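The block underneath contains the structure these notes are about, expressed in structure tokens.
The values are calculated or read from the model by the stated rules, or taken from the named source; none is laboratory data. Predicted model, so just to flag it, every value in this text is computed and none were measured. Here Cβ is always computed from backbone atoms with ideal geometry, including for glycine, and neighbour counts include all displayed protein chains.
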Amino acid sequence: MSCVDLTGKRILVTGAARGLGYYFAEAFANSGASVVIADILEDRGRAAAEEICAAGGDAHFVNLDLASPEQIERCAEQTVRLLGGLDGLVNNGAIATGIGGIKMEDIDIDVWNNVIDVNVRGTWLMTKAMSSALRDSGNGRVVNLSSDTALWGAPALLHYVASKGAVTAMTHSLAREMGEFNVTVNSVAPGLTDIEATQSVPQDRHDLYLSMRAIKRVQTPEDVTGLVAFLLSDDAGFITGQNIPVNGGFVMN
């Protein structure tokens, strides 16, 4: 659990019905924030918000398909209406499950386009849709979820690697565009984390991470939530345009 103080912060987390996104939403609510969980998985998303509320947090659910520009706009409007504004956006939603293990020449072009539409275009459009509210906050924060696969060039995962490399590159540019409004934009690049989405990852990839990390243990969601919470906090007001790997030293800057 994060010990960062997010009291009074209004935060939107995409892809938060399960996995890392859920852990983010839960940690932010435990730290005093009001959270909107946005996800295409409606039943799980509503259940996630209810679980956080039952534990004493403040959470709401908004249905969101990041492949749909119309739904992104609707999500932005609903979020501002529910929270009364926005202080932090975590662009976590992405297609990651079930697309690995495919060589470059065998990737289906429709799958490629869908990954890019959700992971790259969705991140841009969500940031664009929330930019006005983030500027109005006077202290806005954006955290984009990249991946360390884009830093070491994971094989048989080109479409996902390309999408996360684009997210990192966009982070640098967005930080320059939004900095004049006192909005920070950073990205976090987790390594292979022990969540539902990585259960289908081949064991040899898990073994590779474990053997090559400086800290030789399994990576947990809690290893990532503290950093993301910090980047959303008032204490991170002069950190922007950075991509920070969180992987126990598997990849080092």
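Consider Gly140 against the criteria (1) more than 21 Å from Leu231 (Cα to Cα); (2) touching an Asp or Glu at 6+ places or on another chain (Cβ under 7 Å): it satisfies all of them except one. Which criterion is unmet?
For Gly140, the failing item is (1).
Restricting attention to the range 196-214, does a residue exist that is at pLDDT 95 or above and within 14 Å of Phe250 (Cβ to Cβ)?
Yes - at least one qualifying residue is present in the range 196-214.
Do we find a residue being over 17 Å from Arg10 (Cβ atoms) and buried (at least 24 other Cβ atoms within 10 Å of the Cβ) anywhere in the range 73-91?
No: zero hits.
Could you run through the range 120-163 and say how many residues are part of a loop (DSSP other than H, G, I, E, B) and within 28 Å of Arg74 (Cβ to Cβ)?
The total comes to 5.
Is it fair to say Ser34 is among the hydroxyl-bearing types (Ser, Thr, Tyr) and farther than 20 Å from Gly8 by Cα?
Answer is no for this residue.
If you check Ala16, Ala33, Ala47, Ala38, which single one turns out to be farther than 25 Å from Arg121 by Cβ and within 17 Å of the chain's Cα centre (by Cα)?
Checking each option against the conditions leaves just Ala33.
Looking only at residues in the range 232-253 that are over 21 Å from Arg18 (Cα atoms) and hydrophobic (A, V, I, L, M, F, W, C), which one is surrounded by the most Cβ atoms within 10 Å (Cβ to Cβ)?
Here the residue is Phe250.
State the number of residues belonging to the range 54-69 that are among the small types (Gly, Ala, Ser) and either in contact with a helix residue (DSSP H, G or I) (Cβ under 6 Å, 6 or more places away or on another chain) or crowded, with 16+ Cβ neighbours inside 10 Å (or both).
Total meeting the criteria: 4.
Checking the conditions here, which among Gly21, Gly32 is closer than 17 Å to Gly226 by Cα, at pLDDT 95 or above, buried (at least 24 other Cβ atoms within 10 Å of the Cβ) and of a type outside the set (A, V, I, L, M, F, W, C)?
Gly21
Let me spell it out: the conditions are (1) of a type in the set (Gly, Ala, Ser); (2) more than 27 Å from Val161 (Cα to Cα); (3) in contact (Cβ under 8 Å) with a residue 40 or more places away in the chain, and Gly101 meets all of them except one. Which number is the exception?
(2)
Which one is farthest from the chain's Cα centre (by Cα), of the residues in the range 211-225 that are part of a helix (DSSP H, G or I) and crowded, with 16+ Cβ neighbours inside 10 Å?
Ranking the qualifying residues of the range 211-225, first place goes to Asp223.
Taking the range 188-205 only, how many residues are closer than 23 Å to Gly226 by Cβ and part of a helix (DSSP H, G or I)?
Of the residues in that region, 3 qualify.
What tally of residues in the range 80-126 results from selecting those that are of a type in the set (Phe, Trp, Tyr) and more than 25 Å from Phe28 (Cβ to Cβ)?
Of the residues in the range 80-126, 1 are of a type in the set (Phe, Trp, Tyr) and more than 25 Å from Phe28 (Cβ to Cβ).
Please pick out the residue among Asn113, Asn63 that is modelled with pLDDT of 95 or more, in contact with an Asp or Glu (Cβ under 6 Å, 6 or more places away or on another chain) and of a type outside the set (Lys, Arg).
Sole residue among the options that is modelled with pLDDT of 95 or more, in contact with an Asp or Glu (Cβ under 6 Å, 6 or more places away or on another chain) and of a type outside the set (Lys, Arg): Asn63.
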